[in-house]
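The values are calculated or read from the model by the stated rules, or taken from the named source; none is laboratory data. Keep in mind that this is a model prediction, so the values were computed, not measured. Heads up, the Cβs are rebuilt from the backbone with ideal geometry, glycines too, and the neighbour counts pull from every protein chain shown. Calculation scope for accessible area: heavy atoms of the full protein, side chains included, ligands and nucleic acids excluded. Shrake-Rupley method; radii C 1.70, N 1.55, O 1.52, S 1.80 Å.
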Amino acid sequence: MLLSRLAYEVVKSALKLGNQEFIYDAFRHNDFDSDIDYSNEIDNCYLEINQAIHRLSDLRKIPYKVEKFTTNGGSIFDFATTDLKIKKIIAIVKLNEKTGDYVNIAFRTMSSTKVNLLGLGEQPQSLYVEYVEDIPNFSNDDFDYSNFAANGQFRDVDLKDYGINETMCSKIILYAAGRLFYHIDPQMAAKEENLGEQYFDDLPNHGTSFNQKNIVPTFRIGD
């Protein structure tokens with residue numbers, strides 16, 4: 001699902017106005033941003049959407065990402081030198097791309113981006129990191145359909161690029177719309193928010209793709 005569509009569905013679900021003019025095409029062209037019937041929910045829906053997405057991430061409901069990187073030689077590597085947005089490292093492995101076999105690399109976390117890779121030699125090596133992505137906070141600025149009518153060009157966020165599927169989006173809509181509904185009917189809003197939390201819990205947990213079979217030895221008896 002596109003971010004613009006998710007935001008539209010959250011606002012529509014929260015307000016329940018039944019206004020036939022409140023259609024997706026008009027919403028993504030920002031036609032309702034200054035409308036007093038919609039502007040407050042449009043302004044606030046992204047806060048609740050981001051809250052829901054980060055809640056799913058913390059609950060390990062969003063699949064981990066796996067990316068290749070090359071060390072500079074030595075044991076210390078700083079992921080700040082890459083384009084990866086890492087919230088937490090799950091595993092680092094040396095992977096045989098032909099057979100799919102892998103060896104887990106032991107590591108110590110030195111900072112939010114820096115790790116000490118144990119047992120590696122001094123030569124640069126190609127490794128894979130499995131990690132929880134630090135998903136950005138989204139806003140109305142992340143999509144633009146101003147040129148869509150003229151040449152079909154647009155900018156939007158495809159949430160599946162962040163591991164967020166359609167099932168997750170349906171739960172996010174319920175959760176975020178419930179929170180937006182508090183100023184209208186707090187009791188009903190609390191009920192929908194709690195239901196959204198239950199639906200979050202029902203989603204499958206995601207574990208590592210690289211269960212530890214063996215690791216690169218760091219010390220040997222007699223060393």
Suppose we look only past 16 Å in the calculated P(r) of segment 98-196. What percent of the Cα-Cα pairs does that tail hold? 76 percent
Here are some pairs, K16/K61; K87/K171; K68/K94; K94/K160; K61/K94; K61/K88; which of them have Cα atoms lying more than 19 Å apart in this structure? K16/K61; K87/K171; K94/K160; K61/K94
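Taking 22 Å as R0, compute the FRET efficiency from the Cβ-Cβ separation of N165 and S139 and round it to 0.05.
E between N165 and S139, to the nearest 0.05, is 0.50.
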Segment 129-195 to segment 33-94: how many Å between their Cα centroids? 14 Å
Counting only heavy atoms of protein chains, what accessible area per residue, in Å², does the chain have with a probe of 1.4 Å? 56 Å²
Please report the carbon-and-sulfur percent of the accessible area for the chain; probe 1.4 Å, protein heavy atoms only, DNA, RNA and ligands left out. 47 percent
Enumerate the calculated ³J(HN,Hα) couplings along segment 70-81 in order (Karplus 6.51 cos²θ - 1.76 cosθ + 1.60, θ = phi - 60°), each rounded to whole Hz, writing x wherever the residue is Gly or Pro. 10, 6, 8, x, x, 9, 9, 9, 10, 6, 5, 7
Highest-fluctuation residue, T81, T113, T208 considered, GNM on the chain with Cα pairs under 10 Å: T81
Based on Cβ point charges of +1 for Lys and Arg and -1 for Asp and Glu, what charge dipole magnitude is obtained for the chain about its Cα centre, in debye rounded to the nearest 20? 1260 debye
On the principal axes of its Cα set, how long, how wide and how thick is segment 1-115? Give whole Å, largest value first. 61, 32, 25
Nearest 10 degrees is fine. How inclined is helix 186-202 to the longest principal axis of the chain, computing both from alpha carbons? 30 degrees
Show me the three semi-axes of the equivalent ellipsoid for segment 64-151, from the C-alpha gyration tensor (sqrt of 5 times each eigenvalue), largest first, rounded to whole Å. 33, 16, 12
Which three lengths, in whole Å and largest first, does the chain cover when its Cα atoms are put on their principal axes? 77, 44, 32
Taking only Cα atoms, what is the 0 to 90° angle, nearest 10, from helix 166-180's long axis to the longest principal axis of the chain? 60 degrees
If a paramagnetic tag sat 7 Å from the Cα of N72 along the Cα-Cβ line, which residues of segment 79-100 would have the backbone N under 11 Å from that point? 79-82
Rounded to one decimal in nm, the spacing of the 7 Å Cα→Cβ label points at K114 and R60 is 2.9 nm
GluC sites (Glu not before Pro) within segment 41-107: DSSP coil, no more than 12 neighbouring Cβ in 10 Å: E97
